Each structure stands twice: as C-alpha cells, then as structure tokens.
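Let me begin by presenting the structure, written as structure tokens, before commenting on it.
Quick note: the coordinates plus some simple rules give every number you see, no bench work behind them. No experiment lies behind these values; they were computed from the predicted model shown. With ideal geometry, Cβ positions are generated from the backbone for all residues, glycine too; neighbour counts draw on all protein chains shown.
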Amino acid sequence: MVERLPDEGKIWYNGTFVDWKDAKVHVLSHGLHYGSGVFEGIRCYATEKGSFIFRLKEHVDRMYHSARLYKMDIPYSEEDLKEAIKETIRINGLDACYIRPIAFYGYHHLGVNPTGCPVDVAIAVWRWGTYLGEEALESGIRCTFSSWRRIDPKTLPVTAKAVGHYLNSLLAVLDAKEKGFDEAIMLDSDGYVAEGPGENIFAVKNATLYTPEAESSILPGITRASVIELARESGYEVVEKPLTKEELLTADEVFFTGTAAEVSPIREIDGVRIGKGKRGEVTSVIQRKFFDVVNARDERYMRWLEPVYE
Ligand code: PPE
C-alpha cells in the first residue's frame, strides 16, 4: 500500500531543475523545526485525450490562500507556479502523476518568528496509485473514530493546507492503524464529524448527500467541491451541515473524497457495518462521474482539466 518514492527524476527547486537526489534542505531550515510551510496535492491523469491536471487553478489558488494565512510571501506568481508545475511533468516525461508543490521557510535563523527567512519553493511529481489501496475504491475501507479531535479553527487557520497541521493527521492515522483500521475519521472539538486525516467525508441517507460545512473544522477540499457539483448535477440533493457520529453510523453510505483518496467508499466504522457493507449505489454513481470527469470523458467538465502537453 505504501509506495516508496522514486530516486530518479528532476525536481523544480527555487526556479531551476535539480536532480532528484540533490533536492535537499538544511537541517536547520525553519520549516523543519516549526512546520512553517504550505503545500498542495494535485493529480494529473493520463486520458485518451492526453494528460490533464485536475483543477490546477483551484489548487494553486489554495496554496496562495494558505500562504496568506501564514503571512508567507511566495516569491513567484500563481501563473509562474502553474507553468512550473506543467514543465516539471513534461521534463520528467510523465503521463499520470501526483504533484506536490511546497513552499516553506528555509535556512537563515532559528526562532519561531520566521521574518527574514527565505521562502523556498519546490515542485515534485511522481507516480502515485490509489491512496487507500487498490481494493479500497471498489470494496470500501474500514474506519475508526479517532480519539484525537480535528484541529480547531480557534487554534489554527484550518482552511490553510499547512505542513504543521498534519501532525494532527499523523496522530489520527497512527491511532487508526494501531487499532487495525484502514483510516481514521476525526471529530471536531464539539464532537461533530470533521474529516479524515487527508480526506473530506460524505454521508448518504435516502439518496441525499450530507457533508460538514466548508466553514467547520475541515480543509475545504477541491474534490469535495467537485463532488458536490457533480452530485447536484446528477439530481441529488446535497446538504452541508454539522454531522453527528450517529448520523454517520446509520447512513446508507459513507465515502471519503480527496485528491489522493479520490472517491473512496467506507464500509465499516468501529465495527458497525455501513449500509450494505460495500460500495453503495450513490457512491458508485458519484465515483463513476468523478472518474469520467478526471479522465476527460465528460465534455462539460473539460474546464476543470488543464492540458500538460499542448
Ligand atoms: N482534508 C485534508 C486534511 C486533506 O489533507 C485533504 C487532501 C483533503 C481534505 C481533501 O482535499 P482535496 O485534495 O482538495 O480534495 N489531502 C492531500 C494530502 C494527502 C497526503 O496523505 O499527503 C491529498 O489528497 O493530496
């Protein structure tokens, strides 16, 4: 399930391409000590019409949004970064890949205040298959409610996809794995359902979709927004509201969304079978739609796809 990173290829690093093995940081970099960085996870799909990046603009927008919340000035324009992302895929000759741009405070001084540290930016691309295992997309996964609550908007700007925020996710993942589950589901500080460590969550009841509001303790995912749009377009009602544990456990279907996780059904939570205990009907419809869109099989959504090789 866990795929090792490659050891060959080119990484875009502060405006130039360097060999994979040379894309290094100093151990005293600010970002390493304080988690002071922002990043994105983006997917490029190989389709019959060529290679396309899914919602590149929205991802790059979010990276700058994250940076702004941490008062970090990324020393490149969004246009430059988008171009650099495409160039990184081309120079590595990939047709499908996962794209990881990151901006972090680099080497200058230590101390929590980052003012004066350079902002280093890198873009790496590599092949990354299914996030939760090959079988997950079809059969669904087994989850547990984490004992760790999701970071609270009163503590950190949760809409930022920031490096340090992932320590919260790391604890939830380790907790779930130790208990023998595939993935965790995190509650917010009030006890409502928030999200997975790297995924947003949806419940389906009587063919209506429910998901926590974008303003709650979640990272408002781009896959989440896409799924809401695709579901509404398919005639389903989608309600954004606080979800209780009980609502999740008694839902007909539950699924995760995310760039890495795509649309992954959840078949069990803490020993409670969800619905029929396998991928449900609505999840199947949404999954099919999603894969049609990312694979350039739906003309109406070509606007979400950015060609890499023109
Ligand atoms: N919540 C969290 C906490 C999160 O990290 C992600 C993405 C999402 C929701 C879904 O957002 P979006 O990708 O825009 O639909 N998680 C990224 C990193 C996963 C990782 O393990 O690293 C991802 O899916 O790329």
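Considering only Ala296, Pro153, Tyr192, and ranking their Cα positions along the charge dipole of region 152-309 that arises from unit charges at the beta-carbon of Lys, Arg, Asp and Glu, the one farthest toward the positive end is Ala296. So how far, in whole Å, is the C-alpha centre of region 1-49 from the one of region 74-148? Here the answer is 6 Å between Cα centres. Lysine pair count for region 134-294 with Cα-Cα distance under 24 Å and sequence separation of 8 or more or different chains is 20. Projecting the Cα atoms of Gln287, Leu132, Tyr236 onto the dipole axis of the chain, where Lys and Arg carry +1 and Asp and Glu carry -1 at the beta carbon, places Leu132 farthest toward the positive end. Assuming charge only on the beta carbon of Lys and Arg (+1) and of Asp and Glu (-1), the dipole of region 134-294 about its Cα centre is about 120 debye to the nearest 20. Using Cβ point charges alone (K and R +1, D and E -1), the dipole size of the chain about the Cα centre works out to roughly 200 debye.
The length gained on full extension between Glu79 and Asp19, counted as 0.36 nm times the residue separation minus their Cα-Cα distance, comes to 19.2 nm. Would you mind counting up the charge near Lys179? Only other residues with Cβ under 15 Å from its Cβ, with Lys and Arg at +1 and Asp and Glu at -1. Neighbourhood net charge equals -4. With the convex hull of its Cα atoms as the shape, the chain has an orientation-averaged projected area of 15.5 nm². For Lys86, the aspartates and glutamates whose Cα falls under 13 Å of its own Cα, not counting residues fewer than eight places away in the same chain, are Glu78, Asp95, Glu306, Glu310. Once you put a point 7 Å from the Cα of Ile102 and another 7 Å from the Cα of Val285, both along the Cβ direction, what distance in nm separates them? In this crude label model, Ile102 to Val285 measures out at 4.0 nm. Only one residue of Val173, Gly258, Ser66 has its Cα farthest out toward the positive end of the dipole of the chain, where Lys and Arg carry +1 and Asp and Glu -1 on Cβ, and that residue is Val173. Take the Cα of Glu233, step 7 Å toward its Cβ, do the same at Ile91, and the gap between the two points is 3.4 nm. Under the simplified labelling scheme, the Arg297-Leu174 pair shows an inter-label distance of 4.1 nm, with each label point 7 Å from Cα along Cα→Cβ.
I'd like the antiparallel share, as a percent to the nearest 5, of DSSP beta bridges with both residues in region 126-237. About 55 percent, rounded to the nearest 5.
Mean separation of Cα pairs under 8 Å and 6+ residues apart, divided by the residue count of the chain: what relative contact order is that in percent? Over the chain, the number comes to 20 percent.
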